[in-house]
Amino acid sequence: MGAGVNRTLAAGLALLLAVPGGASAAPRAKQAAFDVDKGAERWRFHYRFVDEASRVQSLYFELPAERVARDNDVPLQFPMSEAVKSEVAAVRRYADTHPGPKITASAKGGAVSIKVSGKNAEKMRGALKGAAQAADDALDLFLARHRYTRLRSGGISPDHARLADQYADDVAPLASALAHDAPDARTYVERALTFVQSIPYESGKTGKDKGYRRPLSVLARNKGDCDSKTTLFLALVRAEHAELQSTVVYVPNHAFAGVALTPEPGDRSFVRDEVTYVGMEPVGPAKLPAGRVSGKAGWHLFWGSAEARALRVGAPAERAETTE
């Protein structure tokens, strides 16, 4: 007598992809120049873009070459096969330490296959439940180590809020350059938003999502999609204005941001956990000002179907290295 179950990784990988362009009436964010000098110790960046007041801004900053190279080497797609292997290994360890029904595990089609055989149905059900829990625990550990998270929908996504917090120190040189002559927090946030919007949108040859690019890789490659650019934007906000609460917002196939500024007339704002956020669309290339979001984002905000993940409040977290 035998029993079996196939487990998938949650409900699959949440693909965060926005159709570039945003609202059709918005002008396109403009990047006038991009250049990078790839030194052995430091990479020197030069950007020129049209800011929130339609002025051309020139930015010069440096980043450590080692950290930029590490970001460039991180795979853009979720390492599904590695995650499945970690689950299989966890189930096998569980089986080795729990006598009774025979438990086997293998990887099949991007999922974990767990099989239990024996003579006592109740013991088999218990063994199957325990093995499945061991696999879930292993997946949670794998996600945390590689900076991914499970969304409310069940999908797996990069942990954008955690990454934005941890990358704030890394992007501080750029944040300082953006903050030059910005008289207040709103002006800075609008400038950082326009800068990120001006970075070219990234998609595959067929228009499909290429995957998530971390903040330093977005800068080094000068391209990124909606969730990649949203993480960079929120990291820039954290770097210069750690006192501002901020959040990443998820709707189907898209991610955008919210920053706890005082709403101005016409702003699209929303409340989460008693905090009022002003909506922001870092994806570009539409030059949507702070307080304007795409129609799709606004629809989900109105109906309460958007999921928000807030960043920590206060000083940014220290960056922790991973085993990637």
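Couple of notes before you dig in:
- Scope region 239-271; condition within 13 Å of R292 (Cβ to Cβ), polar (S, T, N, Q) and crowded, with 21+ Cβ neighbours inside 10 Å; matching residues: none
- Among the candidates L236, L232, residue that is within 11 Å of the chain's Cα centre (by Cα), buried (at least 24 other Cβ atoms within 10 Å of the Cβ) and assigned by TED's automatic domain parsing to the domain that holds V278: L232
- Each residue in region 267-280 was checked for being touching a helix residue (DSSP H, G or I) at 6+ places or on another chain (Cβ under 7 Å) and either of a type in the set (S, T, Y) or over 15 Å from L244 (Cβ atoms) (or both), and 2 of them qualify.
- Subset tally (residues that are within 24 Å of L151 (Cα to Cα) and in contact with a helix residue (DSSP H, G or I) (Cβ under 9 Å, 6 or more places away or on another chain)) for region 115-140: 10
- Close contacts from region 211-222, counting a first residue that is under 11 Å from D170 (Cβ atoms) and a second that is assigned to a loop (DSSP other than H, G, I, E, B) and of a type in the set (D, E), with Cβ to Cβ under 7 Å and a gap of 6+ residues or different chains, come to P215/D170; L216/D170.
- Test for D51: is it surrounded by 13 or more Cβ atoms within 10 Å (Cβ to Cβ) and of a type outside the set (S, T, N, Q): yes
- Considering (1) at pLDDT 95 or above; (2) within 18 Å of Y148 (Cβ to Cβ), the lone condition that T323 does not fulfil carries the number (1).
The values are calculated or read from the model by the stated rules, or taken from the named source; none is laboratory data. This structure is a prediction, so every number in the text was calculated from the model and none was measured. Cβ atoms come from the backbone with ideal geometry, glycine included; neighbour counts cover every protein chain shown.
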